[in-house]
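The structure under discussion appears below in the form of structure tokens.
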Amino acid sequence: MAGAGGDPHIKPTKGLAMTAETITIRTARPADLAAADALFSESYPILLRGDYPPSVRVLAIPLISRAQPHLLASGTYFLAEDADGRLVGAGGWTRAARVREVGQVRHVVTDHRRTRRGIGRALMAHIFSTAREAGIRHLQCQSTRTAVPFYSACGFRELGPIEVPLQPGISFPAVAMERDLAATPSGAD
């Protein structure tokens, strides 16, 4: 049974209160900076609360909850909007610096009031499709502890815990994950 977008590697979620929601996914633009910042700064503190102690959150959240202008201008970063044009999710990918066929999943988030409604899965299906079209055969991500079950349901496998350096003396505990895109035929997403 295939999950979001028909991708057989995205596992359908059972037993969750998911509602069908009409969303539009579009390519981000630099002018989306304020809206993306608002989404990150409102959602990350709530989404990460159960998996990180206050000592980590107080230092890391101000650094990770900012939209990155270069991502918004990359052409591979996407925004999910509801039927009223409100930003309800964001995420994208970039090509790895050293290996042309490897991509990095970047800064994926869903509005904390709209989780478990298929928004994140729709974004990931779009990320998989666009990455595959660009010749990416393998995706990596640095997942928050909170998002590991989500990425696992999207076909990623855990590689192990990592520390993501944010600033000198400040790092963020995360989990390295990866997914092979080559195993899924093009157009399956």
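The values are calculated or read from the model by the stated rules, or taken from the named source; none is laboratory data. Keep in mind it's a predicted model, so treat the numbers as computed, not measured. Positions of Cβ are backbone-derived with ideal geometry, glycine not excepted, and every protein chain shown enters the neighbour counts.
Tabulated results
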{"read-out": "Selection from segment 51-70 of residues that are without any contact (Cβ under 8 Å) to a residue 60 or more places away in the chain and either in a helix (DSSP H, G or I) or not basic (Lys, Arg) (or both)", "value": "53, 54, 55, 57, 58, 61, 62, 65, 67, 68, 69, 70"}
{"read-out": "Scan of segment 83-110 for residues that are acidic (Asp, Glu) and at pLDDT 95 or above, ordered by number", "value": "none"}
{"read-out": "Those residues of segment 114-167 which are touching a strand residue (DSSP E or B) at 6+ places or on another chain (Cβ under 8 Å) and polar (S, T, N, Q), in sequence order", "value": "130, 140, 142, 143, 144, 152"}
{"read-out": "Pick from segment 153-167, criterion surrounded by 15 or more Cβ atoms within 10 Å (Cβ to Cβ) and touching a residue at least 40 places away in the same chain (Cβ under 8 Å), ranking: nearest to the chain's Cα centre (by Cα)", "value": "154"}
{"read-out": "Elements of type strands (runs of 3 or more DSSP E) contained in segment 93-189, each with 3 or more residues being among the small types (Gly, Ala, Ser)", "value": "170-180"}
